[in-house]
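Take a look at the structure below.
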Amino acid sequence: MNLYISSDMEGVAGVCAWQQVDGRTPHPEYEIYRRYYTREVASAIEGARGGGAAGVLVNDSHGSMRNLLLDELPADVRIIFGNRKPFSMVQDADGGFGGAFFIGYHGAAGDADAVLCHTYTPSAIYDVRVNGVRCSEATLNAALLGFHGVPVLLATGDRTTVEGIVEQMPWVRGVVVKESIGNFAANSMMPAAAQRAIRREAEAAIAGAATARPFCFEPPIALDVQFVTAAQAHLVAAIPSFERTGSRSVRFVHDSYPVIFKAFVATWRLGAQA
């Protein structure tokens with residue numbers, strides 16, 4: 001089996017503050033936590049290979065999308081590094097993968113107890129729904145993987161995030177590395193313990209992959225986005241085929257989920273500029 005890994009940083013053990021995950025500023029904690037982030041991804045790869053996975057493609061999906069320490073990953077994996085990818089956190093997820101892992105994921109915008117929760121761009125996105133289903137990044141990304149027939153097998157992060165993913169996709173194995181206390185504090189496992197747990201569950205996830213199934217939305221697919229400000233909705237509503245549905249909200253409908261996903265990427269990239 002070839003494995004796809006979409007990795008994020010807010011769900012890594014110990015993370016509870018933006019300074020720990022923001023590579024744009026010279027905060028000393030970032031260098032510490034990018035190492036923990038890299039080791040969680042490396043642990044997932046090690047466990048997956050113990051379960052029988054072969055080729056691995058890692059998509060660094062956090063912030064600038066160039067955070068992983070490449071010399072701490074196995075030399076034979078491939079990595080997608082850098083930003084402005086058309087399919088963002090699930091770029092190139094259509095390459096014949098037998099399953100996917102979501103490592104270090106976080107909760108959706110508005111979650112009460114999920115550390116650093118947001119949905120793609122916190123300055124622009126207040127709420128996202130597809131066919132009426134409230135979506136986190138995991139939901140949106142899983143549906144693109146599902147379109148290509150790829151099931152999510154493993155998810156790691158805080159309890160709110162992991163339990164939300166498992167509720168939508170009951171076949172996913174989850175690793176809860178911390179208990180969120182609001183949005184800016186956590187009761188966390190030590191990094192080494194989290195890495196051991198991820199390695200163990202990754203192996204089990206690959207071994208049990210036959211019971212998993214792709215997560216999909218049936219067409220016609222309606223994307224409803226609520227922005228933080230009315231100005232953002234006004235700007236995005238100028239895109240052809242977008243309908244203004246409220247002072248801060250727009251709707252886009254299409255039969256193809258990849259088109260829906262790219263439309264969503266356009267909303268938060270454009271909305272962030274408003």
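The values are calculated or read from the model by the stated rules, or taken from the named source; none is laboratory data. Nothing here was measured: the structure is a model prediction, and the numbers come from that model. Positions of Cβ are generated from backbone atoms using ideal geometry, with glycine treated the same way; all protein chains shown enter the neighbour counts.
Kindly indicate which of Arg159, Arg200, Arg129 is closer than 24 Å to Glu46 by Cα, in contact (Cβ under 8 Å) with a residue 60 or more places away in the chain, basic (Lys, Arg) and not assigned by TED's automatic domain parsing to the domain that holds Phe227.
Result of the check over Arg159, Arg200, Arg129: Arg200.
Here are the criteria: (1) closer than 21 Å to Ala108 by Cα; (2) surrounded by 15 or more Cβ atoms within 10 Å (Cβ to Cβ); (3) touching a strand residue (DSSP E or B) at 6+ places or on another chain (Cβ under 9 Å). Tell me which single one Glu201 does not satisfy.
(1)
Within the bounds of region 44-60, is there any residue that is at positive phi, in contact with an Asp or Glu (Cβ under 6 Å, 6 or more places away or on another chain), of a type outside the set (D, E, K, R) and part of a loop (DSSP other than H, G, I, E, B)?
Within region 44-60, the subset at positive phi is 52.
Filter once more, so that each one left must be in contact with an Asp or Glu (Cβ under 6 Å, 6 or more places away or on another chain): none.
No - not one qualifying residue is present in region 44-60.
Considering only region 105-121, I want to know if a residue exists there that is crowded, with 20+ Cβ neighbours inside 10 Å and not in a loop (DSSP other than H, G, I, E, B).
yes
Looking for something assigned to a helix (DSSP H, G or I) and touching a residue at least 60 places away in the same chain (Cβ under 8 Å) - is there at least one such residue anywhere in region 213-234?
Checking region 213-234: at least one residue is assigned to a helix (DSSP H, G or I) and touching a residue at least 60 places away in the same chain (Cβ under 8 Å).
Determine, yes or no, whether Leu144 is closer than 19 Å to Thr211 by Cα, buried (at least 20 other Cβ atoms within 10 Å of the Cβ) and assigned by TED's automatic domain parsing to the domain that holds Val41.
Answer is no for this residue.
Considering (1) surrounded by 24 or more Cβ atoms within 10 Å (Cβ to Cβ); (2) farther than 26 Å from Gly146 by Cβ; (3) without any contact (Cβ under 8 Å) to a residue 60 or more places away in the chain, say which one Ser64 fails and leave the rest.
(1)
When region 1-19 is examined, which residues are found to be closer than 30 Å to Ala204 by Cα and of a type in the set (S, T, N, Q)?
Scanning region 1-19 gives Asn2, Ser6, Ser7.
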